[in-house]
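Heads up: the structure comes next, in structure tokens.
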């Protein structure tokens with residue numbers, strides 16, 4: 001296990017380093033001049049040159065890269081070209097919104113999709129089983145922004161039970177107000193996420209229900225519930241956990257559409273703003289942090305699978321015993 | 001995919017989950033009657049400051065939020081376009097017009113507690129002129145030769161040539177504390193508010209400054225809420241999350257406010273003009289007749305109506321009604337398709353021609369470009385619409401002049417003078433106009449300046465230097481609980497200190 005952990009950590013560091021190189025180069029390949037976002041109509045050529053000098057984009061690329069790498073190595077993500085705010089603290093202030101948003105939506109999606117998916121499989125021959133499966137299929141086709149706008153129209157504009165968007169200026173100082181602002185966005189993401197999760201839970205459950213080991217367990221005298229609990233859940237969770245990992249990672253940055261509909265100051269909107277302003281330090285910082293998050297989530301999903309399924313813990317073929 | 005089925009599914013899911021959202025209440029609107037001097041005013045806007053320093057690329061948003069509210073200038077540009085004293089109590093001009101002696105108000109304190117002195121004023125003017133200044137107004141101050149401070153409350157500025165707009169231009173120069181640090185992320189001004197917190201991407205909070213030299217603000221706190229989506233902004237107004245929207249940019253959404261007695265829709269003056277700007281250096285637009293033909297071939301009235309309904313104004317030139325040298329020039333190149341065809345034939349293009357229109361990718365440019373394409377097709381001209389980003393516009397059009405025609409909104413007042421600069425992106429080069437603009441700036445009286453700039457305006461209209469499609473409306477929508485907010489959006493400023501909530 002220790003060997004496995006060390007290998008994963010080394011893999012993480014190498015991937016992050018490669019990410020810094022790729023990110024840096026790809027951004028420089030994009031057409032556009034970061035100095036432009038600082039200037040307005042009326043700027044003189046001297047002012048444009050001065051702006052480039054100010055943010056350092058007039059220096060040779062290798063020099064810019066080494067500067068950035070040095071900063072990253074010391075856990076400093078630099079300062080925004082445009083706002084001059086430290087990138088690190090800007091990202092932290094966005095994570096305060098994005099992390100709760102993602103985790104709450106994720107939790108709600110599990111709460112919805114596991115029972116519904118199980119029911120859709122277990123009662124697949126009943127009419128409501130079929131309906132549940134059908135509804136989740138339909139849900140896959142619903143665009144996130146559309147669902148978000150629909151919820152705003154119903155709950156914010158018509159029923160007036162929820163805010164239409166925004167987030168408190170003082171963040172979580174008043175947790176009730178902050179949670180209140182997250183209700184509709186969380187619901188939006190959770191519903192869309194559930195639609196696909198339900199399908200995975202359903203098919204994983206169907207596999208288990210048809211399996212020989214479950215039939216054997218029943219034949220040996222286990223009740224359905226206890227057979228399901230001892231053998232079924234464990235087996236069905238393995239594929240579901242890997243999907244959960246992917247869904248969680250996708251939502252982390254994919255929440256940008258929801259953030260826009262609900263005017264939430266999350267990580268995704270910081271990235272979009274950075275891109276529109278060619279704010280390299282911000283884009284690099286956000287992408288690096290998200291790369292890290294995605295790698296960690298993947299690692300955790302992997303680890304969870306190994307804990308659930310002993311077969312994965314077995315040494316690799318050919319490995320030293 | 002069946003749309004009805006999708007809607008049904010959505011509605012069903014939403015109803016099922018209504019419980020989850022129950023028990024929450026977003027309506028904070030409690031009315032106590034009378035004016036609440038401790039009120040918090042929530043302002044909704046689409047223009048977030050990029051940073052807090054207007055000489056470091058803060059953009060339109062920093063002017064809106066901080067100008068006059070957090071930072072003050074020597075002189076103030078009023079909502080009606082006039083200029084009055086603010087941190088200055090008065091000034092004298094020498095008879096040759098080259099020396100301005102400006103007297104400062106005493107008892108003015110910065111938010112940090114330091115008293116205002118002439119050194120701060122000198123520092124602030126130099127900040128605009130500095131090599132690394134990104135101020136859009138830098139070129140207005142090229143005549144400044146020297147700034148001296150004979151005593152703490154007097155500033156003497158000497159110019160190399162007369163500059164009748166000098167005092168007006170000073171209304172754009174924020175007075176900073178000369179000792180202040182980190183002005184892009186924090187502030188030290190003399191205005192009625194201090195910046196409380198700035199959460200980039202979300203909110204900027206202004207708090208009433210207890211040590212303000214003048215009449216204190218009528219509210220305790222103003223929170224600017226920033227939106228990237230106009231619909232989200234309107235929803236916030238409808239749910240009382242914001243009390244006022246500084247500049248409505250979603251004309252289609254206005255009906256939900258005009259038909260609701262809880263809101264007031266104010267139709268004020270703006271200085272934002274939508275231009276179809278030709279590159280006057282290159283064929284075929286180096287030919288005045290071609291430019292006139294295009295101007296006559298496009299029905300600006302119909303364009304304005306299709307974008308803004310009954311709002312907005314046709315101006316026929318670069319000068320909006322709030323500038324002193326305004327006159328109605330909409331009939332110089334009237335909408336007349338047969339005239340346009342005649343002019344094209346005269347210019348040697350009886351069968352029209354094809355050109356590329358570099359169109360910024362944000363509203364209203366793509367819509368207007370499509371309209372122009374359809375209009376010009378009627379006179380045989382084919383338009384290729386080339387959509388570009390704001391960033392590409394700056395590099396390709398503004399800096400490299402690599403374009404034939406483009407569209408752009410020009411937000412500043414008194415910007416007709418740019419037609420006197422042949423190096424400007426649109427390349428209009430009429431030595432007579434350049435001379436008039438120069439003379440106007442060196443005028444001894446405003447009457448003389450006005451007369452000369454009127455001539456400039458008439459000439460550029462005659463030459464169809466650009467096609468001035470229309471002047472934007474400035475629409476402020478507010479909750480009826482609110483009063484005292486500015487309704488004109490001159491240079492995007494938005495004074496909040498007189499806003500009252502009942």
Residues of segment A:116-133 being in contact with a helix residue (DSSP H, G or I) (Cβ under 9 Å, 6 or more places away or on another chain), assigned to a helix (DSSP H, G or I) and either facing chain B (nearest Cβ under 10 Å) or free of Cβ contacts under 8 Å to residues at least 12 places away in the same chain (or both), in sequence order, are A:128, A:129, A:130, A:131
Of the residues in segment A:164-182 that are within 7 Å of chain B (Cβ to nearest Cβ) and closer than 12 Å to residue A:264 by Cα, the one that is modelled with the lowest pLDDT is A:169
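Of all residues being free of Cβ contacts under 8 Å to residues at least 60 places away in the same chain and at the interface with another protein chain (Cβ under 7 Å from one of its Cβ atoms) in segment A:32-44, which is nearest to residue B:51 (Cα to Cα)? Just the residue, please.
Keep residues of segment A:32-44 that are free of Cβ contacts under 8 Å to residues at least 60 places away in the same chain, which gives A:35, A:38-44.
Next, from what is left, pick out any that are at the interface with another protein chain (Cβ under 7 Å from one of its Cβ atoms): A:38-44.
Working: A:38: 9, A:39: 12, A:40: 14, A:41: 18, A:42: 19, A:43: 17, A:44: 20 Å.
Filtering first and then ranking leaves A:38.
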Residues in segment B:185-201 that are at pLDDT 90 or above, assigned to a loop (DSSP other than H, G, I, E, B) and within 14 Å of chain A (Cβ to nearest Cβ) total 3
If you go through B:112, B:84, B:73, B:124, the only one that is without any contact (Cβ under 8 Å) to a residue 40 or more places away in the chain and either out of contact with any helix residue (DSSP H, G or I) (no Cβ under 7 Å at 6 or more places or on another chain) or more than 12 Å from chain A (Cβ to nearest Cβ) (or both) is B:84
Over segment B:203-233, the set of residues surrounded by 22 or more Cβ atoms within 10 Å (Cβ to Cβ), under 30 Å from residue B:311 (Cα atoms) and more than 9 Å from chain A (Cβ to nearest Cβ) is B:222, B:224
Only one of A:19, A:51, A:107, A:10 is within 12 Å of another protein chain (Cβ to nearest Cβ) and in a helix (DSSP H, G or I), namely A:51
Of (1) without any contact (Cβ under 8 Å) to a residue 40 or more places away in the chain; (2) in a helix (DSSP H, G or I); (3) touching a helix residue (DSSP H, G or I) at 6+ places or on another chain (Cβ under 6 Å), residue A:198 fails just (1)
Note on segment B:331-371: residues without any contact (Cβ under 8 Å) to a residue 24 or more places away in the chain and either within 31 Å of the chain's Cα centre (by Cα) or part of a strand (DSSP E or B) (or both) are B:331, B:366, B:370
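Is it the case that residue A:314 is closer than 30 Å to residue A:4 by Cβ and modelled with pLDDT under 85? Give the derivation first.
On the way: closer than 30 Å to residue A:4 by Cβ: yes; modelled with pLDDT under 85: yes.
Yes.
Out of B:280, B:328, report the one residue that is in a loop (DSSP other than H, G, I, E, B), out of contact with any strand residue (DSSP E or B) (no Cβ under 6 Å at 6 or more places or on another chain) and over 21 Å from residue B:428 (Cα atoms).
On the way: B:280 fails: over 21 Å from residue B:428 (Cα atoms).
The unique qualifying residue is B:328.
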Taking segment A:137-174 and keeping only residues that are surrounded by 24 or more Cβ atoms within 10 Å (Cβ to Cβ) and in contact with a strand residue (DSSP E or B) (Cβ under 9 Å, 6 or more places away or on another chain), one is left with A:166, A:167
The one condition residue B:157 fails out of (1) over 13 Å from residue B:100 (Cα atoms); (2) in contact (Cβ under 8 Å) with a residue 40 or more places away in the chain; (3) more than 14 Å from chain A (Cβ to nearest Cβ) is (1)
Q: Determine, yes or no, whether residue A:93 is part of a loop (DSSP other than H, G, I, E, B) and within 12 Å of chain B (Cβ to nearest Cβ).
A: no
Of the candidates B:27, B:51, the one satisfying the condition of being at pLDDT below 80, at the interface with chain A (Cβ under 7 Å from one of its Cβ atoms) and not in a strand (DSSP E or B) is B:27
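The values are calculated or read from the model by the stated rules, or taken from the named source; none is laboratory data. The structure displayed is predicted, hence computed values, not measured ones. Cβ sites come from the backbone with ideal geometry, for glycine too, and all protein chains shown count toward neighbours.
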